[in-house]
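Input: a single structure, listed below in structure tokens.
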Amino acid sequence: TMKTLTLIIKQEFFDEILAGTKKQEFREIKPTTISRLLQLDADGYEIIDEDENSIPIKYDAIRFYVGYHKDRDTALVAVKGAHCEIYVDENDNVIEYDYNGQLWVVEQVVYDLGEILEKKTK
């Protein structure tokens, strides 16, 4: 069974993926999406690698949907790999923000997109 992440995107980015010009998809890790994007330990904390980077959940494919309408373009795209990037300011300091009294680092998952496995366009 393929492990698939479902994402909503804009038409222009969907078209670029189908055309093969957009080879990566970026998703910011937020308190509301962390459990869908990152590997977490039993206590809900991010599992990190030897370079102190969070480890993304390994997905086989991403199911992209354009917008929220019932009749919408969709595509299933293979994921070749994924890694996390932490945002830093001009002085190379990690950018953080407060969420409900807890400090969060601004980071994103970068998905390397592979072949288009299926597509449905209007």
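The values are calculated or read from the model by the stated rules, or taken from the named source; none is laboratory data. All figures in this text were calculated on a predicted structure; none of them were measured in a lab. Cβ coordinates were reconstructed from backbone atoms using ideal geometry, including for glycine residues, and neighbour counts include every protein chain displayed. Areas reflect the complete protein model, heavy atoms only, side chains present, ligands, DNA and RNA absent. Shrake-Rupley method; radii C 1.70, N 1.55, O 1.52, S 1.80 Å.
Report, ordered by the first and then the second residue, all pairs with beta carbons closer than 8 Å, sequence separation of six or more or different chains, a first member in region 25-46 that is without any contact (Cβ under 8 Å) to a residue 12 or more places away in the chain, and a second member that is among the polar types (S, T, N, Q) and not in a strand (DSSP E or B).
Within 8 Å, the pairs are GLY44/SER35.
Considering only region 96-122, state which residues are part of a loop (DSSP other than H, G, I, E, B) and open to solvent by 60 Å² or more (accessible area, probe 1.4 Å).
Listed by number, the residues that qualify are ASN100, GLY101, THR121, LYS122.
Please work out if ASN53 is surrounded by fewer than 10 Cβ atoms within 10 Å (Cβ to Cβ) and touching a residue at least 12 places away in the same chain (Cβ under 8 Å).
Working: surrounded by fewer than 10 Cβ atoms within 10 Å (Cβ to Cβ): no; touching a residue at least 12 places away in the same chain (Cβ under 8 Å): yes.
So ASN53 does not fit the description; no.
Can you tell which of VAL66, VAL110, VAL79 is in contact with a helix residue (DSSP H, G or I) (Cβ under 6 Å, 6 or more places away or on another chain) and under 23 Å from LYS22 (Cα atoms)?
Checking each option against the conditions leaves just VAL66.
Tell me which of these ARG72 doesn't satisfy, since it passes every other one: (1) farther than 13 Å from THR6 by Cα; (2) open to solvent by 20 Å² or more (accessible area, probe 1.4 Å); (3) in contact (Cβ under 8 Å) with a residue 60 or more places away in the chain.
So the condition that ARG72 fails would be (3).
Give the residue that is farthest from THR74 (Cα to Cα), with candidates limited to residues of region 4-40 that are open to solvent by 20 Å² or more (accessible area, probe 1.4 Å) and assigned to a strand (DSSP E or B).
The selected residue is LEU40.
Report, by residue number, each residue of region 80-95 that is among the charged types (D, E, K, R) and open to solvent by 100 Å² or more (accessible area, probe 1.4 Å).
LYS80, GLU90, ASP92
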